[in-house]
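Asks: The structure that follows is given in the form of structure tokens.
The values are calculated or read from the model by the stated rules, or taken from the named source; none is laboratory data. Note that the coordinates shown come from a computational prediction; the quantities given were computed from them, not determined experimentally. All Cβ positions, even for glycine, are placed from backbone atoms using ideal geometry, and neighbour counts span all protein chains on display. Surface areas here come from the heavy atoms of the whole protein model, side chains and all, with no ligands, DNA or RNA. Shrake-Rupley method; radii C 1.70, N 1.55, O 1.52, S 1.80 Å.
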Amino acid sequence: AVTGIDEQFGRILAALREEGLEEDTIVIFTSDHGDMMGSQDLMHKSYWYDESMLVPFLARWPKKFTPRRDDLLISVPDLLPTLLGLCGLDEEIPEDVEGFNLARAFLGEEGERPDSALYLDTDHQHPEQGRRGVRTHRYMFVVERKGGEEEKIILHDCLEDPYQMRNVA
């Protein structure tokens, strides 16, 4: 799978190069969320553990971005306002958009940076149930509600316990 993705992504970059668009095209590579694949004795997606929540996110724009690693907490709703901001279209960002314009962070400039990211896993037929939480650089906090069961509180200190093995709530 990795080889296949690498080959296809390479084709995209080659096409941009051939068309003379390589330096001035924003290219984003990301995923919606990860699969637990047996970690924490869990399968599937939509869990609060880093294996599921932290996904690849690469942004490339050779004309404007300096290659680097960043611990920016970015979520899917941030993509629209950030891309509009990078294109100089700040005024076009809808007032009711749920994300944040993080263009300054992408450009390596000083500016506001989110200090948390929302975690949400609910059943649309029972919105009062499910899991809701927040991830910061240090902590992952989750409240889980299932019909007929006692509410469960989960707190992981991701610096002291990077594999999120202990619930310190």
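Asks: Name the single residue that is surrounded by the fewest Cβ atoms within 10 Å (Cβ to Cβ) among those in the stretch 39-89 being part of a loop (DSSP other than H, G, I, E, B) and of a type in the set (Ser, Thr, Tyr).
Replies: Only one residue fits best here, namely Thr66.
Asks: Also, I was wondering about something else. Taking the stretch 90-112 on its own, how many of its residues are in contact with an Asp or Glu (Cβ under 9 Å, 6 or more places away or on another chain), within 13 Å of Trp61 (Cβ to Cβ) and either open to solvent by 50 Å² or more (accessible area, probe 1.4 Å) or touching a residue at least 40 places away in the same chain (Cβ under 8 Å) (or both)?
Replies: Residues that pass the stated criteria total 2.
Asks: Moving to a separate point now. Can you list residue pairs whose Cβ atoms sit under 6 Å apart, with the first residue in the stretch 18-31 being free of Cβ contacts under 8 Å to residues at least 60 places away in the same chain and the second being surrounded by 11 or more Cβ atoms within 10 Å (Cβ to Cβ) and assigned to a loop (DSSP other than H, G, I, E, B)? Count only pairs 6 or more apart in sequence or on different chains.
Replies: Close Cβ pairs (under 6 Å, with a partner that is surrounded by 11 or more Cβ atoms within 10 Å (Cβ to Cβ) and assigned to a loop (DSSP other than H, G, I, E, B)) amount to Glu23/Pro62; Ser31/Val55.
Asks: Has the stretch 3-23 got at least one residue that is open to solvent by 90 Å² or more (accessible area, probe 1.4 Å), under 14 Å from the mean Cα position of the chain (by Cα) and modelled with pLDDT under 95?
Replies: no
Asks: Based on what the data block shows, is Val134 part of a strand (DSSP E or B), open to solvent by less than 70 Å² (accessible area, probe 1.4 Å) and among the aliphatic types (A, V, I, L, M)?
Replies: When the stated conditions are applied, Val134 passes them.
Asks: While we're looking at this one, here's another question. In the stretch 139-162, what residues are farther than 14 Å from Met53 by Cβ and open to solvent by 80 Å² or more (accessible area, probe 1.4 Å)?
Replies: Within the stretch 139-162, Arg145, Lys146, Gly148, Glu149, Glu150, Glu151, Lys152, Leu159, Glu160 qualify.
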